[in-house]
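Just so you know, all these numbers are worked out from the coordinates, no wet-lab data involved. Please read these numbers as outputs of a predicted model, since none were measured by experiment. Every residue, glycine as well, gets a Cβ built from its backbone with ideal geometry; the counts of neighbours run over all protein chains shown.
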Amino acid sequence: MPKGVNPVDDFEVNRYLGKWYEIARLDHSFERGLSKVSAEYSTRDDGGIQVINQGYSKTKNEWKKADGKAYFVEDKKQGHLKVSFFGPFYSSYIIFELDKENYQYAFVSGYNNSYLWLLARTPTVKQSVIDQFISRSKELGFNTNGLIFVNQE
C-alpha cells in the first residue's frame, strides 16, 4: 500500500457490489483514452468478486472490456482486495475512503501512488465529493494535478 493509505474498516461487500462509474483517475496505459468507464462487481462461486471493467475508445470507435477477479487480502470487513486481470498476477485494490452511509462514492488506490480512482454510483457527483477526493488524495502524496476527469456522456 502507498504510505499513509489505509483500507476502510466495517466494509460491507454486498453493498459494494453492482455498477460503479469512474469519475476521475490517474493516467495509466490500460485505460488511456477511454471515456464512459465503469466497473461492475458481482460475487463469484469461489467466494471472490467478479470484476468487469469497460470503457469506450472514441479514436477506435469501440468498447474495451477487461474481465477480472478479486479476493480479500485479509478480512472481508476491510476494503483491501487483490485483483487480477492477467492470469496469476495480482495487484492491490484499496478502498481508502467510502460513503459508508449509502455506498455512493469510493476513493480507491492501487499498490503505489501511480494508481488512483474516484468511483461513484452515478455518472456525476457533487463538486464537494470531488474536492474531498482531491484534498484527501493530495494529503496522501498522489499527484492530483495529473487527474483525468472521465467523460461519462
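Over the stretch 8-62, what lengths in whole Å, largest first, do the semi-axes of the equivalent ellipsoid take, defined as the square roots of 5 times the eigenvalues of the alpha-carbon gyration tensor?
26, 13, 9
Which value in deg cm²/dmol, rounded to the nearest 500, describes the helix-derived mean residue ellipticity at 222 nm for the chain, given -39,500 (n - 2.57) per DSSP H run of n ≥ 4 and division by the residue count?
Per the formula, -3000 deg cm²/dmol.
State which entries of Lys3/Lys64; Lys82/Lys126; Lys3/Lys76 exceed 25 angstrom in Cα-Cα distance in the structure shown.
Lys3/Lys64; Lys82/Lys126
How many angstrom lie between the Cα centre of the stretch 66-91 and the Cα centre of the stretch 114-141?
21 Å
Could you identify which residue out of Gly79, Gly55, Gly141 has the top mean-square fluctuation in a GNM of the chain using Cα springs shorter than 10 Å?
Checking each option, the largest mean-square fluctuation is seen for Gly141.
Report the FRET efficiency, 1/(1 + (r/R0)^6), for Asn6 and Glu62, where r is their Cβ-Cβ distance and R0 is 35 Å, rounded to 0.05.
The formula returns an efficiency of 0.40 here.
Defining a contact as two alpha carbons under 8 Å apart and six or more residues distant in sequence, what relative contact order in percent does the stretch 13-149 show?
Computed over the stretch 13-149, the figure is 24 percent.
Which distance in Å, rounded to a whole number, links the C-alpha centroids of the stretch 1-34 and the stretch 37-57?
12 Å
From the square roots a ≥ b ≥ c of the eigenvalues of the alpha-carbon gyration tensor of the stretch 41-140, which class results: rounded (a/c under 1.5), prolate (a/b over b/c), or oblate?
Judged from the Cα gyration tensor, the stretch 41-140 comes out oblate (a/c at least 1.5, b/c at or above a/b).
Using +1 at the Cβ of each Lys and Arg and -1 at the Cβ of each Asp and Glu in the stretch 13-149, identify which of Phe30, Gly110, Leu81 lies farthest towards the dipole's positive end.
Phe30
Quick one: putting +1 on the C-beta of Lys and Arg, -1 on the C-beta of Asp and Glu, what dipole do you get for the chain around its Cα centre, in Debye to the nearest 20?
400 debye
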